[in-house]
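The values are calculated or read from the model by the stated rules, or taken from the named source; none is laboratory data. Since the structure is predicted, the reported quantities are computational estimates derived from the model, not experimental observations. Methodologically, a virtual Cβ is constructed for each residue, glycine included, from the backbone with ideal geometry; neighbour enumeration extends over all protein chains shown.
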Amino acid sequence: MMAVMTARVVAQATTSPKSQFGIIVAINTYMSIVFKFKANLALVSVLLLVTLVPQFAQAHQLSELQKACSIYLKKAVMYLDLLRDKNPKEGPTVRVMPSLDGGYVFIRKPNQDWDSFYKESKNDVQGDPRKIIETTGQDFAKRLGFELLDENTMLTPSFKKINQKLDELNELPLFKEMSFNVRFYESKTIAEDMTYLRHFVDKAMIPISAKDSIMLHDYSYHLAFFLAPERIVRHIQNQVKLGLLFIEYLEKYKKQIPPETIEVITKAYAQHLDVLTGIYGLYFRVRGGYVDAFYIYSPITVFNKLIPEHPALNKLKQEFAEYYRFEPQNQQSLSEEDFNEQMARRQKQLATLQEH
C-alpha cells in the first residue's frame, strides 16, 4: 500500500526534468540499499513502485522517469533469486547420474523443484540447471547436448563435450566474426582462488566441479558465460590480470604488509570473477537494460575498488597504480550501450542459427 501511495505522489510531483532526475536518483539509492542489505520486504515495495510509477509517468509524458523505472524493474527481477537466503535441509533437489556417453543425467527428486536454494558452501546455491535451455533456446542447447527428456529428466553433456561442440560451432561461418572464446575445465574440489584466476586470465577457462551439488551450481549459473563475446571476456581478463600483477608486485614486500594481505586480495578478485561469470546468464535472459557497473569499469577502477585500504598497503598501492594506470588496456572501460550491443549481436547469432 505504501508503494502504491508513493508511486502516486512521485508521479504527481514529477512535472519537470529536474524533479524527474531527483526521483530517479532516489529510486537508484533505494534499490542500492535493498540489494546491499538483502531486504526482501523492501524489494517487494520497490517492485510495486517501479511497476506503478511508469503508468502515472506515461500519463504525464515523463519519458525519462518511465525509462528509468523500466530499467530498475528489470534490475529488481534479475536479483530476486540472489536476494533469497534459504538453505533447504534435505540437500540438492536434483540427482546427478553418469550417462553412457560420458555426460550426465540430471533427475529431479520426487516432490522437489528443479530450482533450489540449497548450497554446499556460502556462494554455491544449486539453482536450476535447466536455465541453459531457457537462456540459449531449445535448439541451440540441444546442439551442445542439453535436452529435457521429460519433466523430471535432463540430459547434460560433460565439460569436454561442451568444449568440443563450441569448437565445432566456431567453424561455422556464422560464428567467424564473433566466436565462442570461453572454455571449461574440471575441478575436483572447490577451485583454489589463484588457480581459478590464472586459468581465466591465461586461457579464458572457468571450472565445472566434479562434485554433484557444486556441479549443479556451475551448470545453473556459470555455464552461460560461454555466451559472452570476446570483447567482454577480454575486458574482464584485463581487470583480473591487473589484480594478479599487483599480487606479484606485493610478493617483494611481504615483510611490510600484514600476512593475510595477499590472500585477502586474491579472494576479492576471485569473488569478483565468480559474480561476473555467475550472473551473465541472467543479463542474457533479461536482454538489455541495467548493467552491473563492475562489468564495464576499467581495470584500474576495479583495482581501486577491490584493494582494501591499509596504512601499510596504501603507498604500495599508489606506486603500483601510478606505474600501470597509463597502459591503454587498464584505462579502457565499456559503456552500457556497448555491453548490451555485444549481447544483442550474440543473441542474433543464436536466433539465426535456430532459423536454419
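Of the candidates Leu334, Leu273, the single residue that is hydrophobic (A, V, I, L, M, F, W, C) and not in a helix (DSSP H, G or I) is Leu334.
Among the residues of segment 160-186, the one identified as within 22 Å of the chain's Cα centre (by Cα) and either free of Cβ contacts under 8 Å to residues at least 24 places away in the same chain or not assigned by TED's automatic domain parsing to the domain that holds Tyr280 (or both) is Asn163. If you go through segment 241-250 one residue at a time, do you hit one that is outside any helix (DSSP H, G or I) and among the small types (Gly, Ala, Ser)? No, segment 241-250 contains no residue that is outside any helix (DSSP H, G or I) and among the small types (Gly, Ala, Ser).
Given the structure, is Val291 surrounded by 17 or more Cβ atoms within 10 Å (Cβ to Cβ) and in contact with a Gly (Cβ under 8 Å, 6 or more places away or on another chain)? Outline the logic, then answer.
Numbers: surrounded by 17 or more Cβ atoms within 10 Å (Cβ to Cβ): yes; in contact with a Gly (Cβ under 8 Å, 6 or more places away or on another chain): no.
Spelling it out, it is not the case that Val291 is surrounded by 17 or more Cβ atoms within 10 Å (Cβ to Cβ) and in contact with a Gly (Cβ under 8 Å, 6 or more places away or on another chain).
The numbered conditions (1) at pLDDT 90 or above; (2) crowded, with 20+ Cβ neighbours inside 10 Å are all true for Tyr283 except (1). For segment 286-331, a tally of residues being within 14 Å of Ile257 (Cβ to Cβ) and either in contact with a strand residue (DSSP E or B) (Cβ under 7 Å, 6 or more places away or on another chain) or assigned to a loop (DSSP other than H, G, I, E, B) (or both) returns 4. If the condition is being surrounded by fewer than 18 Cβ atoms within 10 Å (Cβ to Cβ) and more than 24 Å from the chain's Cα centre (by Cα), then segment 106-146 contributes Ile107, Lys109, Pro110, Asn111, Gln112.
You will find that of Val182, Val275, the residue that is of a type in the set (A, V, I, L, M), modelled with pLDDT under 95 and surrounded by 15 or more Cβ atoms within 10 Å (Cβ to Cβ) is Val275 and no other.
In segment 318-335, the residues that are of a type in the set (Phe, Trp, Tyr) reach residues that are at pLDDT below 85 and not in a loop (DSSP other than H, G, I, E, B) with C-beta atoms within less than 8 angstrom, at least six apart or across chains, in these pairs: Tyr324/Asn330.
Of all the listed residues (Ile190, Ile236, Ile214), the sole one being aliphatic (A, V, I, L, M), at pLDDT below 95 and in a helix (DSSP H, G or I) is Ile214.
When Asp212, Asp218, Asp202, Asp193 are checked against the criterion of being surrounded by fewer than 17 Cβ atoms within 10 Å (Cβ to Cβ) and either farther than 16 Å from Thr135 by Cβ or under 15 Å from the mean Cα position of the chain (by Cα) (or both), Asp202 stands alone in meeting it. Look at His310 and say whether it is within 12 Å of the chain's Cα centre (by Cα) and in the same structural domain as Tyr253 (by TED's automatic domain parsing). When the stated conditions are applied, His310 does not pass them.
Glu251 meets each of the listed conditions (1) out of contact with any Asp or Glu (no Cβ under 9 Å at 6 or more places or on another chain); (2) touching a residue at least 12 places away in the same chain (Cβ under 8 Å); (3) farther than 25 Å from Phe175 by Cβ apart from (2).
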